[in-house]
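Just so you know, all these numbers are worked out from the coordinates, no wet-lab data involved. Bear in mind the structure is a predicted one, so any value in this text is a computation, not a measurement. Here the Cβ is made from the backbone with ideal geometry for all residues, glycine too, and neighbour counts use every protein chain on show.
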Amino acid sequence: MNKLLIAFCFLPLAYAADVTGHWVATQTFPDGQTRETSLWLKTAGDALTGYMVQPNQDAAAISNGKINGNDVSFTIVRDNFGEERKTEYTGTFANDGLTLHVPAFNGRMRDMAFKHISSDAPGPTPSPKPRISLPPAADVPSNGLAKTPPMGWNSWNKFNRRVSDPIVREIADAMVKNGMKDAGYIYVNIDDTWEAGRDAQGNILTNEKFPDMKALAEYVHSKGLKIGIYSSPGPKTCANYEGSFQHEEQDAKTYAAWNIDFLKYDWCSASQVYDYHSMQAVYAKMGRALLDSGRPILFSLCQYGVVKGPQWGAKVGGNSWRTTGDISDRWESMSRIGFDQQLDLAPYAGPGHWNDPDMLEVGNGGMTTTEYRTHMSLWSLLAAPLLAGNDLRSVAPEILEILLNKEVIAIDQDPLGKQATRVSKDGDVEVWARPLKDGSYAIGLFNRGSNSAKVTARWSDAGFQGSAKVRDLWKHEDLGVVAEAFTSDVPSHGVTLIKVQRQRR
Ligand code: GLA
């Protein structure tokens, strides 16, 4: 035997750990809420089979499962509102634990630590639970609110699960003092985590962070502001608090009794109980209930733009509807949502009903001032709800300047209510334009690239010919009369936002 053959004979067989059994990862949130993800695995040689059960989801079978030494990898294919969503997982088995690298919603990865619960081999993947299918609902008449996109503040982006009655009062005070109220930011909206369970009659209860919702509403109203609240058509909200499932009318009446002015209604666990094809009817139920509550309550749909939401949002009495998943305070998230995921949605927006690319992150610290100016400009061109999402009790002057720019807000609030469209794109530079009520146009010259660039807006792309008077809305400067096209040096991730008034010949 030659040496090579001898070495080959003594090579150990490829090792594959046996990870057969039930594994559980528990996520604990700062408010004490927990969420469990289960993995049921079976190892046979280097093949891995089984299924995964995630919060608010049906069990999903593992495909392409492999185990190589202590490294596992597998794919999960889920139905995401009619679209196939494939997720690749990798992980490592060590010290009787399994660490999975899981893609988080914002495109980043996070690790989930699974503990071994038992060595029982999994049975077949459990079948999905039956879902409720609702018949199509009658259209809900308009409530007459939101003739221009709603403006205000929402607790989620900054305070997340920590929002409380004192914070809401302090934010309301701040909005009066720092000019936000005078600039038009009127709604003070409490997002998820205010809910407790229900009383014996099924009335929704507030938790200890909100001892008296009616008194809080009275306080916010005494400041000349309005107050908003949050719920889900499912049994649980996204943060796992009490939802409105089977209590829609009762909850709408409670909100009216508390003098609430705004409801954000977030799909979340509704997928567990309803066939998602019934989504329109599910939203119509609450739209109707709000209308019948006897109080004008702005209806803000949060269903991430799936199942053609923007096409029927107004028909269920919606004043706005989210068009995407959640924003995060990063350029990649904001620019993907604002530029790439709003194309083709302009026809659905108009007075009373608006596309909602999610709340503002301006001032939360994850983007530069230049990027926040782009965020504010783009949202205003998109006629988006302007719901600030930062801590308004202490705002840096350059951030306040962005949120309070009256000329930019006027674009968002233009009474014609025509959402901008992208009128040209050349690599990283894009031009978006919208016509305004007074016959002028708002035009944004954007540079998404990482170096500064010259961006040109041609009047013909915006929809008119000839010469036009140009005003820079961030510099607050008239730039004179310009023929045919306007070119600007735009910094990386920046914008030049102009209002142009065409000259009559
Ligand atoms: C979802 C929504 C967010 C926020 C959270 C609250 O993720 O899209 O805007 O309301 O739920 O749990």
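Table for the structure above
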quantity	calculated
Charge-dipole axis of the chain as Lys and Arg at +1 and Asp and Glu at -1 on Cβ define it, positive-most pick from Ser142, Tyr241, Val188	Ser142
Distance between the stretch 348-379 and the stretch 256-277 - C-alpha centres, whole angstrom	23
At q = 0.13, 0.29, 0.30, 0.32 Å⁻¹, base-10 log of I(q)/I(0) for the stretch 242-292 (Debye sum, equal scatterers on each alpha carbon)	-0.30, -1.27, -1.32, -1.42
Ordering of 38-44, 207-213 by packing [mean C-beta count within 10 Å, highest first]	38-44, 207-213
Cα gyration tensor category, rounded, prolate or oblate, for the chain with a/c compared to 1.5	oblate
Theoretical FRET efficiency, 1/(1+(r/R0)^6), r = Cβ-Cβ of Lys66 and Arg35, R0 30 Å, to 0.05	0.65
Computed over the stretch 151-412: relative contact order in percent, which uses C-alpha pairs under 8 Å that are six or more apart	17
Full-extension gain in nm, Ala200 to Glu249, via 0.36 nm per residue minus C-alpha separation	16.0 nm
Ranked packing of 186-195, 239-248, most packed first, by mean Cβ within 10 Å	186-195, 239-248
Residues listed by number, the stretch 63-90, amide nitrogen under 17 Å from Val24 label point at 7 Å toward C-beta	none
Relative contact order of the stretch 367-505, pairs being alpha-carbon contacts under 8 Å that are 6 or more residues apart, as %	24
Structure-based [θ]222 nm, the chain - -39500 (n - 2.57) summed over DSSP H runs of at least 4, per residue, nearest 500	-5500 deg cm²/dmol
Pairs beyond 20 Å (Cα-Cα), from Lys147/Lys214; Lys147/Lys406; Lys129/Lys285; Lys147/Lys223; Lys209/Lys253; Lys285/Lys315	Lys147/Lys214; Lys129/Lys285; Lys147/Lys223; Lys209/Lys253
Dipole magnitude (debye, nearest 20) for the stretch 421-502, charges at Cβ of Lys, Arg, Asp, Glu	220
Dipole of the chain, positive end: most advanced residue of Ala47, Tyr441, Gln57 [Cβ charges, Cα centre]	Tyr441
Net dipole in debye of the chain [+1 Lys, Arg Cβ; -1 Asp, Glu Cβ; about Cα centre; nearest 20]	960
Peptide ranges 224-237, 266-279, 460-473 listed from the most packed, as the mean C-beta count within 10 angstrom indicates	224-237, 266-279, 460-473
